[in-house]
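Let me begin by presenting the structure, written as structure tokens, before commenting on it.
We did not get these values from a lab; they are worked out from the coordinates using the rules stated. Since this is a predicted model, take the numbers as computed values, not measurements. Methodologically, a virtual Cβ is constructed for each residue, glycine included, from the backbone with ideal geometry; neighbour enumeration extends over all protein chains shown.
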Amino acid sequence: MDMNQYLSMFIDESNDHLQSLNESMMGLEANPDDLSIVQVIFRSAHTLKGMAATMGFEDLASLTHQMENVLDLVRNSKLRMQDFIFDTLFKSIDALESMVEDIMGGGDGKADVSAIVTSLQAIVRGEVPNAGGAVAEVSKPAVKASDAPVFLDEFQFSVLEQSMQEGHNVLYVEVTIRKDCQLKAVRAYMVFDLLERSGEVIKSFPSVQDIEQEKFDQSFSLYYITQKGASEIQAMILNLSEIEKVTSVALDQESLRQLGQDSVAATAEVPTSAPVISSVSVPSAASSNTSAAREEGGKAAPAKTGGAPSRTIRVDIERLDVLMNLFSELLIDRVRLEQLASEVQNGDLTETVEHMSRVSGDLQNIVMKLRMVPVDTVFNRFPRMVRDLAKSLDKKIDLVVTGAETELDRTVIDEIGDPLVHLLRNAVDHGIESVSDRIAAGKPEMGTINLRAFHSGNHVFIEIEEDGAGIDSQKVLKSAVKKGVITQEQAATMNDEEAHQMLFAAGFSTAEVISDVSGRGVGLDVVKSKISSLGGNVTIYSTLGKGTNFSVQLPLTLSIIAAMLIRLGSEKYAIPLSSIVETGIVKKSQIRTIHGNKMLEFRNKNIPLLSLSRIFSVPDYDESDEEETEIVVVRKGERLVAMAVQDFIGQNEIVIKNLGKYLPDIQGISGATILGDGQVALIIDPNAFIK
Amino acid sequence: MAEDIKVIVFKLGSEEYGIEVEKVQTIERMMPITRVPKTYSFIKGVINLRGVVIPVIDLRGRFGIEEGEHTDQTRVIIVSVNDMEVGFIVDSANDVIDLNRDSIDTPPDVVGGIKAKYLDGVAKIGEDRLLIMLNLAEVLNKGEIVHLESLEG
């Protein structure tokens, strides 16, 4: 069978499972006794194993298999999660990730994972290198019928309850097989076979599959519905050979309800009644039983993984791009039709075109939404990253993520990951102080990083806020002066906020020794330029001693923008509306020359006036002879620049097209768009004109 | 016996050139070109090819031949090499021929004033017709353009 056609599906799904593994492991680490999370992890690992085996990726399959063995012990409360196991499992997930990455890159997913496999196997054998002496225990199911070591789900519970109401006997049976029994599974099978003849086994512990595979110690227990009496059943089973002991207890409504609903209380007795094997293992078994009971006890809180997943289909991103391209052509035709209709002045035509405009407007919204992806896809790798980083730096950090469902265009999502990683690392590394420093500063030893995303207007904001030491603006300024980024005089006039922005200055981070400003600034200029290239902006708000907030502002989408079309002679250009402050007309007399540069007074400020026609060497236009010149005032941050143009054509929604790979980067031009008449107009990048 | 290849034949001045048909996407009549400022003189600008913006090169300018007026015969050959889509303005393009690879010889040092590195070889067709096979990767090599520009500058 040709597996290639399934490969992309395999990769997608593997990534999903790995993601879920990572998330669940984080969840489990925060809440180590929640066995329901172990179930989720187990299922993911199991599915991954199956998929990998089917696709022939043996190394992947065998590593997941080893993980499964460990997880299996955990979910059956035979092994208590602890740091070493977490670390090993995380390592395993990392290894799996790199294998899948290798497969993505066309490799065969082979990797040497023998070290991890060895540690996993050691864990399964119970050899956990932990000074605490918490050796993996094979704890016997705690036995006493009333203590209810076997938990029923809602369905099983109601079956039992119903059969009781119908006059059947509900028994709790526990069978212990003799130690010297050679074929435990066969004996167990005989017990089941016998029971099935005169009733029905509702639930057994361990599960029937596990019993068949001899995955039980010496005893197993089960819930059983029958017409016969408890003692009768007990005698029947004892008749089989090699059975050491049988306990059979008939349950009544009361005790059943106790099992189902009050299991928390019931299990609280377990520590006292269970055979004490080791002082460490018992509380663990008890508490994990408790949470399992809570989970399965019927009316408990909905499972964490619950909630109907929205029904989705996977779409090849290329197809979506094709759709986008086709749609942008439609948009171009629409603009053309609107032009024609306004020329023709035919009522029916105008009406039709207007209707079409509305429909295509709606269509545009939907097409845009198709490309929207929740930022979750970027955020989801951060908790793990922060955990590892905090651990390696010996800090205590709580990452609080909010607004992960906020959506952004896929093109933005693809690009935004790296800058965010950088900012987060910065926050962990330099923002949050060490535990001792925090205590000295009277703060809780656990630092908090808030990672939040939210919509505001036509933008999405992503903020990374921590309650760390904050930025010392004086130190930053000193360092900036030393590195020649600004002069002493400039530094003297700067307020705190301006000083913080210096961290993004290009020259700031190239210097070698940055540690004197707690290392902030390393590579931040790269972050800034990356975000700027996405049409976004990043700002810092910091209070010394209280913490720092990096706020990243991003456009919703990159491919369609509102723009002002202008004319320079026979040529047309588009200027993104987002950077235009104002348009206007100036008289020649208003233009001054300072140091040979043309300046203009604009709102009590002198701003430079640029000649676009000269910058672009427009062949058939020059504004220098005109008495009155149209200007466009554009902004980059706080700085303003006026650009002289010949005419305004009007405001339009334009589809951004790139200029192709062949053309080199052209200063001042960020792309092109196609106008209603089919002509190509270049898009001006005003940022390039503002230093 | 080497395989036959299909070749698009076009003219620049009196010379005939060939490009393998797989590398050619379409051949268009002359269309409005939007000038792109601050770039090489032989890049005439960009065109709208059914919704895709494509840069257009005057092949005469690229090869250092004097550029001429565009006529009815002028064509834009859209080629795609290494993920780059580029249009070539040529004097005319109206032939597709089959060529045996064996009939392509390595290029002499100078053919029609064009540097040999732009050429894949020269094919002889019939008695006295010579076809110059273009090495598109070299023609579109940007590193070399910079060099060329700096020489000119």
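Points worth noting:
- Residue mean of other protein chain beta carbons inside 10 Å, A:613-619: 2
- Loop-located GluC sites (Glu not before Pro) in segment A:376-447 (DSSP state other than H, G, I, E, B) with a sparse environment of at most 14 neighbouring Cβ atoms within 10 Å: A:GLU405, A:GLU445.
- Rounded to 5, percent antiparallel among DSSP beta bridges of segment A:375-496: 55 percent
- For segment A:468-479, the Karplus equation 6.51 cos²θ - 1.76 cosθ + 1.60, evaluated at θ = phi - 60°, returns couplings of x, 7, x, 10, 8, 5, 5, 4, 4, 4, 4, 5 Hz by residue, with Gly and Pro reported as x.
- The C-alpha radius of gyration of segment A:393-439, expressed as a fraction of 2.2 N^0.38 Å, stands at 1.48.
- Sorted by Cβ density within 10 Å, fewest first, the residues A:ILE615, A:ILE540: A:ILE615, A:ILE540
- Each residue of segment A:406-413 was assigned a 3J(HN,Hα) from its phi angle through the Karplus curve 6.51 cos²θ - 1.76 cosθ + 1.60 (θ = phi - 60°); the sequence is 4, 9, 9, 4, 4, 4, 6, 3 Hz, with glycine and proline shown as x.
- The distance from the alpha carbon centre of segment A:464-489 to that of segment B:13-48 is 52 Å, rounded to a whole number.
- Debye intensity ratio in log₁₀ form over the Cα atoms of segment B:4-46, taken at each q of 0.19, 0.25, 0.27, 0.30 Å⁻¹: -0.83, -0.98, -0.99, -1.01
- Between A:SER436, A:THR406, A:VAL386, the Cα set farthest toward the positive side of the dipole of segment A:370-466 (charges on each charged residue's Cβ, about the Cα centre) is that of A:SER436.
- Cα gyration tensor category, rounded, prolate or oblate, for segment A:30-121 with a/c compared to 1.5: prolate
- Long-range amide H partners of A:ILE243 with built H, under 5 Å: A:ARG178
- Per-selection metrics, segment B:6-93 (Cα): Rg and Dmax in Å: 12.3, 37
- For the peptides A:159-166, A:581-588, the ranking by mean Cβ contacts within 10 Å, running from highest to lowest, is A:159-166, A:581-588.
- Near A:GLY403, the amide H atoms lying under 5 Å from its own belong to A:ALA453; only residues 5 or more places off or on other chains count, and H is placed 1.01 Å from N.
- Translational diffusion coefficient (Stokes-Einstein; Kirkwood radius from C-alpha pairs) of segment A:168-207 at 25 °C, 0.890 mPa s, in µm²/s: 217 µm²/s
- Prolate/oblate/rounded label for segment A:392-489 (Cα gyration tensor, a/c 1.5): oblate
- Shielding value for A:659-672 is 6, the average number of Cβ atoms from other chains within 10 Å of each residue's Cβ.
- Per residue of B:54-64, other chain Cβ atoms within 10 Å of the residue Cβ number 1 on average.
- Relative exposure of A:LYS179, B:LYS6, judged by other C-beta atoms within 10 Å (fewest first): A:LYS179, B:LYS6
- Burial order of peptide ranges A:349-362, A:640-653 (average beta-carbon count within 10 Å, highest first): A:640-653, A:349-362
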